Amino acid sequence: MITPWEVEGVVDYQKLIEEFGITPFTDLLRSIPSPHRLMRRGVVFGHRDYWRILEAMKKGKDFSVMSGFMPSGDIHFGHKMTMDEIIWHQKMGATAFVAIADIEAHLVRGISWEKTREIGMGYVKSIIALGLEKDSFIYFQSKNDKVKNLALELSSEVNFNEIRSIYGFVGETQIARAIVSLIQSADILQPQLEEFGGSKPVVVPVGADQDPHLRLTRDLAARMNLFSLEKIEGGMRIRSKKNEMLTKIEKLGFEFRRFSGHLDIFGDPEKIEKAVRTLEMELGSYAFVPPSSIYHKFTTGLTGGKMSSSKPESYISLFEKPENAVKKIKNALTGGRNTAEEQRRLGGEPWKCVIFELYTYHLIESDDELSRIKEDCECGKILCGACKKIAEEILLEFLKSHKEKSDAVESILDEFTIIS
Ligand code: TRP
Ligand code: SF4
């Protein structure tokens, strides 16, 4: 069962792809200029409409990356994954939007406003320490009127049946859940508001548990617009909630055929979409392109099972004390065998090993180095004790540097745009 609130049991990514219509990421990998390590290694396993982002990257067009973090506890390597993805897209030319979901943490998790602020500022410092640059817009949801107002507007377009079927809401579900979902949709659509340059591709890097939010937001994006577009042979079919507005489309200069409820226009679909979105903005309407998304795999808890912020032994915080980090690595579940003799003979099983997962997701950038460890493990050349020692060294180095960088961020914080 996967909803934004619970992930139970072993996750079958193939099934997620088949059931929800997420597209496998491998299909696109070859067309990405210099893919991020999480992409190369299949950690990013799926996407929706990522072609929009690739196209914008290649043609140097305006695009954004946006994701959000709920300030409900220690910041750990699960958060770092999303932060790394935001930063990578920013390097590839995107304007970055970072939401600190304090409304969600307060309304759904019951964290005090004071606490959400303190935790949230820690996240902000971390993402900057990890490499986020100034061409970005960071905000606490509760302090962002544009997002809150947009969420109100969105509420007119959704009914109870719909959120029940998307999120599994029941009669007892608090209204807060629905509010928080609409605020998240507003987070995702905000980069396309006029103030931020209007209509543009936006990619949302998230864990697969957030996909329901994306499905809802993509539907809402279409409903808020004046015109809807559907690909047809040789062009696009255009409909409008205000039928009389279709005459405006006729004046765009494309070849067209008029029908009673829609208009078919012919030409390059990309050019048509651009012209229609521009017209919408001129007419003072929203002109949302459906947001794209990429999905990364869940991070395994250090002792197996799922990682949970309510179980400190299941994760390593980005601000973990060195002695605790060492202890957690020592206790971590590996893919090692029962005895050293057996492991030398049969080799380890890195695909079951959280240390190997840590290498793959975070600690080792070089693919060659990662393959070497994998081979050494599989052929029994290296044993878990020695292997953990290597992980420990890289990890301690990272933690030290992260602490130093985060402290240093303090003095440049006011150079960033932060609505807090
Ligand atoms: N709901 C997300 C979580 O629990 C946080 C979040 C808030 C978010 N707004 C967002 C994620 C916008 C992606 C995009 O982690
Ligand atoms: Fe994991 Fe390393 Fe042990 Fe292999 S040798 S199972 S990678 S800890």
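Structure summary
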quantity: Most mobile of Lys58, Lys125, Lys80 in a GNM of the chain (Cα contacts under 10 Å); calculated: Lys58
quantity: Radius, Kirkwood style, for the chain when every pair of distinct Cα atoms is counted (Å); calculated: 23.2
quantity: Dipole-positive endmost among Gly235, Pro269, Leu279 within the stretch 227-282 (Cβ charges, Cα centre); calculated: Leu279
quantity: Cross-link pairs beyond the 25 Å C-alpha cut-off, checked among Lys61/Lys143; Lys311/Lys381; Lys80/Lys306; Lys58/Lys248; calculated: Lys61/Lys143; Lys311/Lys381; Lys58/Lys248
quantity: Overall form of the stretch 1-150 per C-alpha gyration tensor (a/c, 1.5; a/b vs b/c); calculated: oblate
quantity: The stretch 304-329 versus the stretch 171-204: alpha-carbon centroid distance in Å; calculated: 32
quantity: Reciprocal mean inverse distance between Cα atoms of the stretch 312-419 - Kirkwood radius, Å; calculated: 15.3
quantity: Placed amide H near Gly336: partners under 5 Å, 5+ positions off or other chain; calculated: Glu349
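Throughout, read-outs are computed from the coordinates displayed, never taken from laboratory work. Fair warning: this is a prediction, and the values are worked out from it, not measured in the lab. Please note: Cβ atoms are built from the backbone with ideal geometry, for glycine as well, and neighbour counts cover all protein chains shown.
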